[in-house]
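Beneath this line is the structure, given in structure tokens, with notes to follow.
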Amino acid sequence: MFSKLLGVLSADMAIDLGTANTLVYVKGRGIVLNEPSVVAIATVRGKKQVLAVGDEAKMMLGRTPGNIQAIRPLRDGVIADFEVAEEMIKHFIRKVHNRRSFASPQVIVCVPSGSTAVERRAIQESAESAGARRVFLIEEPMAAAIGAGLPVTEPTGSMVVDIGGGTTEVAVLSLGGIVYSRSVRVGGDKMDEAIIGYIRRNHNLLVGEGSAERIKKEIGSACPPEDGEGRLMEIKGRDLMNGVPKELVISERQIAESLAEPVSAIIEAVKVALEHTAPELAADIVDKGIVLTGGGSLLSNLDFVLRHATGLPISIADDPLSCVALGTGRALEEMKTLKNVLISMY
Amino acid sequence: MGEKQRRFFEQSRSTTDHGQVEPQLDRHDLPKGGVGATLRENREGRGLQLVQVARALRIRQTYLEAIEAGRFTDLPGTAYAIGFLRSYAEHLGLDPAVIVQRFKEEVSGGATKPEFYLPKPIPESRVPGGALLMLALVLGVCTYGAWYFMSRADRSLVAYVPALPDRLASLIHGTTVPPPVTVPVVPLAPEMADKPATAVPLPSTTVEPPPPAALAALPPPATPAPAATASATRHPAAATPPGSAGGDDEDEVPQVGGMNGEPMTGEGPTAIVPPQPPSPRPPGPSPIATAAAQAPTAPATPPTTSATSAEAATPPPAAAGDAGSTANSRVYGNNGRDSRIQFKATAESWVEIRDGNNEILFSRVLRPGEVYRVPDRSGIRLNTGNAGGLEVTVDGNKVAAIGNRGQVMRNVPLDASKMAGTAN
């Protein structure tokens with residue numbers, strides 16, 4: 001009763017709780033917040049307090065003194081640290097509502113299709129204790145497909161590959177439901193790790209996660225260039241041999257080599273999904289092809305590699321980074337129509 | 001092959017200044033037509049066949065043709081159209097962002113986002129609960145309403161007036177009937193009294209014949225009487241004009257006689273004597289009831305009436321008429337003692353008399369000819385359903401009617417002295 005009253009005062013929200021970034025869509029206002037999923041926690045006299053969330057906290061990542069921790073509460077698309085995740089959601093809800101309290105919105109949160117019931121429950125409870133009145137969950141590939149503008153409710157097969165920070169979701173959708181979905185825990189993070197590992201092995205240089213991400217964005221490629229070394233980039237880190245900070249130049253070809261493993265994992269996932277697709281849906285997909293969404297789809301030449309691997313037309317969605325948030329938001333706006341794409345645990 | 005070209009273009013694009021390439025495209029291609037035309041020109045400029053592009057991008061050639069011709073509705077959807085355009089533009093070394101932007105401008109207003117419609121499961125065919133419930137409710141209310149209305153309508157009359165079969169009514173009338181027979185026709189009386197006592201059915205045949213004979217002679221001279229016969233038929237037992245009714249009344253009359261064996265002597269006189277002081281009244285204006293009363297007397301007084309004319313005959317019948325009226329009907333109320341007001345029904349009218357303590361003294365429907373004598377007490381009030389059907393007499397004088405025919409009057413105070421003032 002009381003919560004319903006508060007619901008009138010608060011704007012309903014759709015949250016794309018991603019491993020790398022959290023996007024918040026507010027009903028009637030669109031995407032209002034896009035910040036890294038990072039929380040900086042300070043320990044003051046034995047008591048943990050949130051110091052910063054989002055962009056500010058991301059700057060601290062890997063640069064914190066002993067009493068401060070910069071934490072990414074999500075790993076592989078699911079919550080790894082409950083309390084911190086809760087704090088983060090609470091912070092975002094408050095930020096969106098521009099006030100400290102009396103916000104009790106209805107919230108839709110997206111979850112990886114491969115997440116377990118326990119993980120879903122964890123996300124739901126975090127959102128509830130962060131102040132949400134009611135929590136609905138939506139599977140990420142569905143949200144991504146809606147956000148990309150695919151005709152998901154029509155009786156025609158659509159294939160979407162959402163490459164996020166923690167997971168890659170491959171799904172075939174038709175008639176408003178997921179016909180087949182496959183989630184592999186490979187994404188932007190795995191690519192960063194692959195880059196870090198490659199540089200450490202081949203150059204004895206240790207680079208941080210942030211630097212690795214920058215390298216990936218700048219010169220990352222799914223396949224090595226035809227000839228030559230491709231684009232070059234200066235990277236900085238700590239030399240493992242003599243322990244001093246060092247700077248060296250790395251080429252696109254080298255990074256493409258380092259990314260071969262996660263990229264092939266993604267290709268494999270897509271291929272397996274295609275293998276499991278019913279012939280009628282496969283026929284639809286041959287015509288229309290696969291749509292890539294998520295930050296990972298911005299990796300250059302990924303579409304090219306997938307096109308070669310599958311022989312299908314590959315399209316990159318418009319604004320792939322916010323597809324999931326837009327799709328979740330659309331589900332929020334059209335809750336009545338899209339009621340059965342939502343998962344409710346009540 | 002294609003891949004090499006692509007690489008080349010990519011590099012050339014990345015090395016050349018973006019500012020140089022894009023404005024050229026815009027300036028050069030916008031006026032000529034849509035995005036499709038731009039793409040075709042660029043493709044032809046690079047000497048590429050559509051088939052080659054289709055093979056490189058794995059996009060069906062028909063779709064590429066549709067893009068070049070600007071038939072975007074032929075593409076599987078906006079999302080795919082944008083994807084194809086981006087791939088195509090990238091393949092040709094154009095800036096995909098610019099092409100997509102121009103495409104969006106071109107189709108602005110067109111369906112940018114698919115409408116979602118999810119088929120809903122058809123509800124199992126059940127009885128439409130709401131509608132049925134409503135119908136049942138309405139029907140129930142109607143039925144109850146009808147029943148209530150009907151039962152109420154019944155109650156108002158029936159409760160007070162128990163239906164009296166004619167046969168029974170005739171029996172009751174019988175108690176008062178004999179007097180006219182006995183009193184005026186003195187010579188007949190012993191005969192009647194004797195015969196019923198011995199055999200009931202037989203006397204009827206024996207008694208009957210004489211009156212017809214008497215009556216047969218009567219009608220022609222007694223011209224004012226015909227109306228009387230009509231009303232007289234309503235009291236067949238007493239006022240049977242044998243000429244008209246004939247043999248139907250055969251069994252009725254003997255019964256009367258049979259019943260009257262005893263009352264004829266005891267009750268009969270008492271009932272007749274008190275009614276009212278005989279007031280000579282002209283037969284014409286006198287109400288039907290009295291006229292009816294005349295009928296039976298007519299046979300009883302053949303010797304006198306038949307001899308005289310109708311006018312001449314009036315005085316004696318009038319006296320007999322009053323007696324006859326009471327004979328036709330019952331007289332209710334206290335029998336003459338201290339009663340000043342008397343109601344005589346000229347039509348069926350319901351009468352209820354209450355005393356000062358609001359206690360019901362009398363309540364029933366007075367049939368035409370029936371009389372009620374109001375006890376002479378103060379605070380007596382009258383309720384009636386047919387005020388015009390009551391003829392009121394105070395101390396034997398007729399007074400104005402209480403109301404009109406069919407008028408319902410309630411709590412009419414019955415004060416003899418006041419009512420006497422309204423005498424006409």
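Stretch residue A:193-residue A:50 to full length: gain in nm at 0.36 nm per residue minus the Cα-Cα span? Each step should come with its number before you reach the end.
Numbers: separation 143, 0.36 × 143 = 51.48 nm, distance 2.70 nm.
Full extension from residue A:193 to residue A:50 adds 48.8 nm.
Taking 8 Å as the Cα distance limit and 6 or more residues as the minimum spacing, I'd like the relative contact order of chain A as a percentage.
On the way: 763 pairs, mean separation 64.5, N = 346.
Dividing the mean separation by the residue count of chain A yields 19 percent.
Under 13 Å from the 7 Å Cα→Cβ point of residue A:239, by amide nitrogen: which residues of the stretch A:195-232?
In the stretch A:195-232, the label zone of residue A:239 (backbone N under 13 Å from the point 7 Å along Cα→Cβ) covers A:203-206.
Sum up the charges of everything whose Cβ sits under 12 Å from the Cβ of residue B:117, counting Lys and Arg as +1 and Asp and Glu as -1, but leave residue B:117 out.
Combined, the nearby Lys, Arg, Asp and Glu give -1.
Going by Cα centres, the stretch A:21-91 and the stretch B:46-91 are how many Å apart?
43
Spin-label point model (7 Å from Cα, Cβ direction): what's the residue B:61 to residue B:171 distance in nm?
It works out to 11.7 nm between the two label points.
Sort A:231-243, A:106-118, B:393-405, A:186-198 for me by packing, meaning the mean count of neighbouring Cβ atoms within 10 Å per residue, highest on top.
On the way: A:231-243: 13.9, A:106-118: 20.9, B:393-405: 16.2, A:186-198: 22.8.
Highest-to-lowest ranking by the protection proxy: A:186-198, A:106-118, B:393-405, A:231-243.
Could you check the simple spin-label distance between residue B:44 and residue A:116, using points 7 Å along Cα→Cβ, in nm with one decimal?
6.2
Summarise the partner chain shielding of A:326-335 as one whole number: the mean count of Cβ atoms from other chains within 10 Å of each residue's Cβ. Can you show the working numbers first?
Numbers: counts 1, 0, 0, 0, 2, 1, 0, 0, 3, 0.
So the per-residue partner count for this stretch is 1.
How high is the FRET efficiency between residue B:143 and residue B:348 when r is their beta carbon distance and R₀ equals 41 Å, given to the nearest 0.05?
Working: r = 33 Å, r/R0 = 0.80.
Calculated transfer efficiency: 0.80.
Just to verify a number: FRET efficiency for residue B:132 and residue A:346, C-beta to C-beta distance, R0 = 35 Å, to 0.05? Please list the in-between numbers first.
Working: r = 31 Å, r/R0 = 0.90.
It comes to 0.65.
What number, rounded to the nearest 500 deg cm²/dmol, is the helix-based mean residue ellipticity at 222 nm of chain A, given -39500 (n - 2.57) per DSSP H run of at least four residues and division by all its residues? Each step should come with its number before you reach the end.
Numbers: 11 runs with 133 residues, N = 346.
That comes out to -12000 deg cm²/dmol.
Could you calculate the contour length gain from residue B:51 to residue B:378, that is, 0.36 nm times the residue separation minus the distance between their Cα atoms, to one decimal place in nm?
Working: separation 327, 0.36 × 327 = 117.72 nm, distance 12.46 nm.
Gain in length upon complete extension: 105.3 nm.
Answer rounded, prolate or oblate for the stretch B:34-156, using the Cα gyration tensor with square roots of eigenvalues a ≥ b ≥ c: rounded when a/c is under 1.5, else prolate when a/b is larger than b/c, else oblate. Before the final figure, lay out the partial values.
Values: a/c = 7.33, a/b = 4.91, b/c = 1.49.
Judged from the Cα gyration tensor, the stretch B:34-156 comes out prolate (a/c at least 1.5, a/b above b/c).
Going down the table (A:48/A:190; A:336/B:104; A:27/A:58; A:58/A:217; B:344/B:418), which pairs top 22 Å between alpha carbons? Intermediate values should be presented prior to the final figure.
Values: A:48/A:190 29 Å; A:336/B:104 29 Å; A:27/A:58 27 Å; A:58/A:217 17 Å; B:344/B:418 19 Å.
Table pairs above 22 Å Cα-Cα are A:48/A:190; A:336/B:104; A:27/A:58.
As an exercise, use a Förster radius of 22 Å and the Cβ-Cβ distance of residue B:108 and residue B:37 to find the FRET efficiency, rounded to the nearest 0.05. All intermediate terms of the calculation are to be shown ahead of the outcome.
Numbers: r = 18 Å, r/R0 = 0.81.
According to the calculation, E is roughly 0.80.
How shielded is A:309-317 by partner chains, expressed as the average number of their Cβ atoms within 10 Å of its Cβ atoms? Provide the component values of the computation, followed by the final result.
Numbers: counts 0, 1, 1, 2, 11, 5, 11, 6, 5.
Taking all residues of A:309-317 together, the mean is 5.
How crowded by other chains is B:79-92, given as the mean number of beta carbons from other chains within 10 Å of each beta carbon? Write out the running numbers ahead of the final one.
Working: counts 14, 12, 2, 7, 14, 4, 1, 5, 8, 0, 0, 3, 1, 0.
Taking all residues of B:79-92 together, the mean is 5.
Every number here is computed from the coordinates shown, using simple stated rules; none is lab data. Keep in mind the model is a prediction, meaning the values are calculated, not measured. Here Cβ is always computed from backbone atoms with ideal geometry, including for glycine, and neighbour counts include all displayed protein chains.
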